[in-house]
Structure formats: structure tokens, C-alpha cells
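Take a look at the structure below.
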Amino acid sequence: MRAAALDVLRALRLGDTALFTGPLTDEDIAVRIEAVRALVSVDAAEELARAATSDPSREVRVTFAKALATVSPGRPDAVLPALATLTADADALVRSAAYAALGATGCPGPLAERAVSALADATWQVRSGAATALSGAEADTAVPALAKALADPNADVRKAAVLALTRHTATEGARAALATATADSDADVRAYASRAL
């Protein structure tokens with residue numbers, strides 16, 4: 001009932017930051033997730049960033065990471081510290097979501113280097129998120145790493161690398177890497193690479 005009430009208030013635009021912040025400490029995971037979504041609707045970047053790393057639930061932290069990507073345009077400084085912390089989370093799915101969010105917020109120097117390192121993570125979800133993060137990084141850091149990621153054994157990681165490379169097609173290295181991906185064994189990877197070229 002509490003989660004449904006938050007959802008209705010968000011949909012009807014009847015709540016505000018103060019109203020939606022309180023339920024972030026609710027005992028129920030579904031309520032906390034709805035509170036995060038409601039805070040996105042009022043563009044409460046600072047409040048989301050403050051609470052993002054402390055929730056005990058993996059599902060809620062993943063929701064926070066995705067929310068921070070949504071509220072970040074024009075205010076990346078408000079959310080980057082929280083995303084940096086989430087990229088070091090103990091849970092692979094949280095790290096994956098945090099890296100993927102960096103593709104939307106922008107992925108400045110130290111975080112880009114962290115994403116490059118994460119391309120060697122044991123879990124494909126983290127590698128995929130890291131590739132997505134590099135779409136928001138400087139080309140000189142991102143392109144060589146993404147070109148190597150095109151050899152990843154997981155097709156989802158290769159697809160994420162191709163999609164990230166499409167943000168860097170102004171560079172010759174990105175175009176050359178995309179050309180090699182047009183011969184990938186996976187049809188989606190080939191299609192995205194061909195479309196980018």
C-alpha cells in the first residue's frame with residue numbers, strides 16, 4: 001500500500017522532495033524503490049546521491065544507480081561521487097548499473113581508468129557496464145579499451161562495446177574497430193556496428 005501510494009503521488013505530481021525522501025528508510029524494499037523513482041520525478045539529484053550507497057538491498061542500490069543517470073544531465077558533479085562509490089560495491093549487479101550510469105553522466109579521467117580495469121572483471125555484467133561507461137569517456141582512453149573488448153567472449157559485452165564506440169566515431173580508431181565488428185559472430189553486434197558505420 002505504501003509503495004502504491006508513492007507511485008500514485010509521483011504519477012499525479014503531488015509530492016515533493018521532502019515527502020519522497022522519508023520513505024527511503026522504509027523497512028520494505030518495494031517502498032524504497034518507489035521512493036527513489038519518486039525522487040527522480042522531482043529531479044532530486046542531491047538527495048538521491050546522499051542516500052545511494054547506504055541501502056542494504058542490492059535491488060535498491062541498482063535502482064539508485066539508474067536513477068542517478070536520469071537526474072544527472074547538467075549536474076554530473078552532484079552524482080559522480082555516489083556513482084564512484086557504487087562502482088566499488090561488493091555486488092556485481094550494482095557495479096554494473098553504476099558503470100552503465102556513467103555512460104549517461106559522463107565518465108571523467110579516474111572513473112574512466114576504473115572502467116578500463118573493469119573490462120577484465122570476472123562477471124560479464126560488470127564488463128558490459130564498464131564498456132557502456134566508456135561511451136562517456138574521452139576517446140583517447142575509451143577507444144583502445146573498447147577495441148580490445150570487441151574480443152570479449154560474451155556477446156552482450158561486445159554489443160555494449162560497439163554501442164560505446166558509436167559515441168566516438170569521430171576518431172579513426174573507433175571506425176576501424178567498428179569495421180572489425182561487422183564480422184562478429186553475433187548478429188546484433190554486426191548490425192549495430194554496420195549501422196554505426
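Each reported figure results from applying straightforward, stated rules to the coordinates on display, with no laboratory input. Keep in mind the model is a prediction, meaning the values are calculated, not measured. Virtual Cβ from ideal backbone geometry, glycine too; neighbours counted across all protein chains shown.
Brief remarks on what is shown
- Taking region 23-46 as the range and being more than 21 Å from PRO76 (Cβ to Cβ) and either free of Cβ contacts under 8 Å to residues at least 12 places away in the same chain or among the charged types (D, E, K, R) (or both) as the test, the residues that pass are THR25, ASP26, GLU27, ASP28, ARG32, GLU34.
- Pairs, first closer than 16 Å to PHE20 by Cα in region 49-64, second not aliphatic (A, V, I, L, M), C-beta under 6 Å, six or more apart: ALA52/PHE64; ASP55/ARG61; VAL60/ARG32
- The C-beta contact set for region 104-129 (first residue buried (at least 17 other Cβ atoms within 10 Å of the Cβ), second residue among the acidic types (Asp, Glu), distance under 7 angstrom, 6+ apart or interchain) comprises ALA112/GLU138; TRP124/ASP156; ARG127/ASP121; ARG127/ASP152; SER128/ASP156.
- Restricting ASP26, ASP7, ASP43, ASP16 to those that are surrounded by fewer than 20 Cβ atoms within 10 Å (Cβ to Cβ) and touching an Asp or Glu at 6+ places or on another chain (Cβ under 8 Å) reduces the list to ASP7.
- Within region 48-93, considering residues that are charged (D, E, K, R) and assigned to a helix (DSSP H, G or I), the one surrounded by the fewest Cβ atoms within 10 Å (Cβ to Cβ): ASP77
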